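Scroll down for the structure; my scribbles are underneath it.
The values are calculated or read from the model by the stated rules, or taken from the named source; none is laboratory data. Only a predicted model underlies this, so the values are computations on that prediction, with no experimental measurement involved. Positions of Cβ are generated from backbone atoms using ideal geometry, with glycine treated the same way; all protein chains shown enter the neighbour counts. Just the protein is used for accessible areas: all its heavy atoms, side chains included, with ligands, DNA and RNA removed. Shrake-Rupley method; radii C 1.70, N 1.55, O 1.52, S 1.80 Å.
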Amino acid sequence: MDSHCSISRSPKVILFIAPTLGSLGTMQYALSTLMLAMGLTITPNDFGDAAKKPSIILLNAVLCFAMMPLLAIGIASSLKYDAAHTAGIVLLGTVSGGQASNLFTLLAGGDVALSVVCTVSTTFMGVLATPLLIKHMLQTVVEVNFISVFQSVASLVLLPLLTGLMLGKFAPCFTKMMGPFCPLIGVLSTMVLVAGSAANSAFSLWAWIK
């Protein structure tokens with residue numbers, strides 16, 4: 001009975017979350033906050049060190065646009081997905097890395113600057129690579145506007161990141177004070193992104209479950 005009541009209330013919860021956490025403005029704000037937190041934990045020298053590791057950056061691109069698409073096809077074939085589910089997992093397997101990887105790198109004590117470089121580089125590569133992979137694997141065309149992608153990356157990723165770097169240079173006391181809170185800020189921002197994304201597609205999942 002309790003389970004049924006919980007399920008019946010779910011659409012009302014979705015109707016609340018989708019326009020709030022799932023709104024474009026909230027998602028953009030959460031992503032910018034996440035990248036600002038990342039910027040507060042690294043220095044320009046860290047990016048210099050990351051640039052000296054081109055083999056890792058190249059390996060990341062190969063894994064992203066070669067291994068992941070092949071893995072997606074393998075999963076779809078082994079589980080006998082229908083055309084719609086195959087298209088979904090192939091799309092997932094052909095896009096670039098996401099900012100959540102930067103957060104996980106921070107939480108694990110890894111090289112955050114290198115993680116950011118890998119993410120940004122595959123995002124720009126994906127403008128060409130993802131449509132080509134989709135056309136070859138799904139026999140369909142996906143148009144990607146490079147200018148829109150560049151503007152989004154610049155405003156939502158690079159600008160907050162650079163702001164964090166500049167704060168570290170010109171306000172080191174503030175950066176030192178905020179440093180211990182950056183992982184928590186990153187986790188909360190990511191939770192907003194995940195909740196908003198899930199809410200925006202929840203009705204499709206709801207229809208599938210029912």
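Structure summary
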item	result
Distribution of pairwise C-alpha distances over the chain, 10 Å bins, in %	8, 26, 33, 23, 8, 1
At least 18 Å along the helix axis (C-alpha) and Kyte average at least -0.5, DSSP helices within the chain	2-20, 24-39, 112-138, 182-200
At R0 = 45 Å, FRET efficiency that the Cβ-Cβ distance of L184 and Q139 yields, to 0.05	0.50
Structure-based [θ]222 nm, the chain - -39500 (n - 2.57) summed over DSSP H runs of at least 4, per residue, nearest 500	-24500 deg cm²/dmol
Mean separation of Cα contacts under 8 Å (6+ apart) over length of region 85-210, as relative contact order %	21 percent
Residues of region 18-148: accessible area per residue with a 1.4 Å probe, Å²	55 Å²
Region 59-210, accessible surface, carbon-and-sulfur percent (1.4 angstrom probe)	75 percent
Coarse-grained scattering of region 86-188 at q = 0.13, 0.17, 0.22 Å⁻¹, given as base-10 log I(q)/I(0) from a Debye sum over alpha-carbon atoms	-0.59, -0.88, -1.20
P(r) histogram, all alpha-carbon pairs of region 61-139 included - 5 Å bins from 0, percent	3, 16, 23, 20, 16, 12, 7, 3, 0
